[in-house]
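The numbers here are math on the coordinates, done by the rules we state, and not lab data. These numbers were taken from a predicted model, which means no experiment stands behind them. Cβ coordinates were reconstructed from backbone atoms using ideal geometry, including for glycine residues, and neighbour counts include every protein chain displayed.
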Amino acid sequence: MVWYKDPLFGVVILFVIIASVGILDFLRNKMREKKRLGAIENLKKSYDYLGVKDGVEEFLKLSTNPIPTLEFIAQAYIQSGNIQEAIKIYGSIVDNLEDSQEKARILYALGIAYFQAGFLQRAKNIFLEIIKNYPRNREVLSYLLKTYENLGLYKDALDTLGCIEEICNQSQIRDEKYLQEIAKNYAYLQALNTFYDATLGYEAKIAKLKNIYSNHPQLQKLILGFYKEINLPLFWQEVLNHKEASNTQNIENLLDIFWKCTKEEVPLSLLKNPKILEIYRAKGYIESSAPCEKFELESIRILREFSAFRADLSFEYRCSECKSIFPFESNRCPKCNALLCFELICKVIEQKDEISHSLL
């Protein structure tokens, strides 16, 4: 029998071929994995030294599904506060994408990163670019609205809010809570636009603000704060005469404003509301031994009357939505962006004497 006609020889050859293919495939996968690991390592190094563009491009070429990994890295940078690196990653991804929907999604993430980093003009341009192709994207419109607001472009913000409202009205599922938020945002932006509208005279501005205040009492603190800055007698007039401003809950919410008034700024002879009077008894503007209902105010009053120790109030602000606490009040929660959502927290602290120190 000729050796190449032996059946065992054919089996051996088949086995060798299968083994060779398996080994070659294994080696190819190992080389591919090595290249991928090298690309990831280069990408990591590029974050620290050379910028991310080349590393991202290499990783995009070598990986079969690179976007989720890169997004995860970008989000990790954002969580750690290194938004600049996240911006570089998102920008590099966008430059190498061709699919329009995927590109819009990454652009949206890039716009949010710019917004969080304070690059508002760049964020605005990105959101507008997305809206050109996807004009009914409510999430992008919401961020565009906030960007306009932070830029002081209140008329543009109102126009954007109108687009969001139209989309909601055309939706088959009506979200009543969301529509209420739209109405609240509309009144808020109208108030801000009135504050800074140079074309409005003083009388017209006050008349417009009073109308907004009457229809939207949740803007009370915002509008009263504006009155206090431009016309102190008007502020006290609204506090003393407006029904909403004089109720107990609203006085609690305005405690920080009342507390920061100097004695000369307070019309003590006109004050009748017991909740306001107890604030100024605690502060020492009114000489009286009558107790205060609020514990913190009564503590300060007692210390003032019976001790040489001088106490003061400090204020913190807790978001009613996400429960985060901040040392300063803002119109929107810095964490969750909820509007006019802060609850006032007051604490008794030692009074600090203001002493001027030379810088030399």
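Odds and ends about this structure:
- Between the Cα long axis of helix 274-283 and the first principal axis of the chain there is an angle of about 90°, rounded to the nearest 10.
- In plain terms, the C-alpha convex hull of the range 250-352 casts an average shadow of 7.2 nm² when viewed from every direction.
- Simple Cβ-charge dipole of the chain, Lys/Arg +1 and Asp/Glu -1, about Cα centre, in debye nearest 20: 560 debye
- Along the axis of the charge dipole computed for the range 250-352 (Cβ charges of +1 for Lys and Arg, -1 for Asp and Glu, origin at the Cα centre), the listed residues N250, S320, L303 are led at the positive end by S320.
- Placing unit charges on each Cβ (+1 for Lys and Arg, -1 for Asp and Glu) gives the chain a dipole about its Cα centre, and among L240, A207, L14 the Cα reaching farthest toward its positive end belongs to L14.
- Residue pairs, from the table K221/K323; K103/K155; K184/K205, whose Cα atoms sit over 26 Å apart: K103/K155
- Backbone HN-Hα couplings from phi across the range 284-297 [Karplus 6.51/-1.76/1.60, Hz, Gly and Pro as x]: x, 6, 10, 7, 6, 9, 5, x, 9, 6, 6, 4, 4, 5
- Peptides 207-213, 135-141, ordered by how many other C-beta atoms sit within 10 Å of their residues on average, highest first, read 207-213, 135-141.
- Counting charges near E316 (Lys, Arg +1; Asp, Glu -1) among other residues having Cβ under 15 Å from its Cβ returns a value of -1.
- For semi-axes √(5λ) of the Cα gyration tensor in Å, the candidate list reads (1) 63, 27, 18; (2) 40, 22, 20; (3) 34, 25, 17; the entry that matches the value derived from this model is (1).
- Net charge, L344 excluded, C-beta distance under 13 Å - Lys, Arg +1, Asp, Glu -1: -1
- Size of electric dipole in the range 250-352: Cβ of Lys, Arg +1 and of Asp, Glu -1, about Cα centre, debye, nearest 20: 100 debye
- Summary value for the chain: 6 percent relative contact order, contacts being C-alpha pairs under 8 angstrom separated by 6+ residues.
- Remark on the chain: C163, C168, C261, C292, C341, C346 stand apart, with no other cysteine beta carbon under 4.7 Å.
- In degrees, nearest ten, helix 53-62 long axis to first principal axis of the chain (Cα): 50 degrees
- Along the range 23-31 the Karplus relation, 6.51 cos²θ - 1.76 cosθ + 1.60 evaluated at θ = phi - 60°, assigns HN-Hα couplings of 5, 4, 5, 4, 5, 5, 5, 5, 5 Hz to successive residues, with x for each Gly and Pro.
- With respect to the chain, whose longest principal axis is taken over its alpha-carbon atoms, helix 100-117 is tilted by about 40°.
- Within-12-Å neighbourhood charge of L151 [Cβ basis; K, R +1; D, E -1]: +2
- Ordering of 178-187, 93-102 by packing is 178-187, 93-102, highest average first (other Cβ atoms within 10 Å, averaged per residue).
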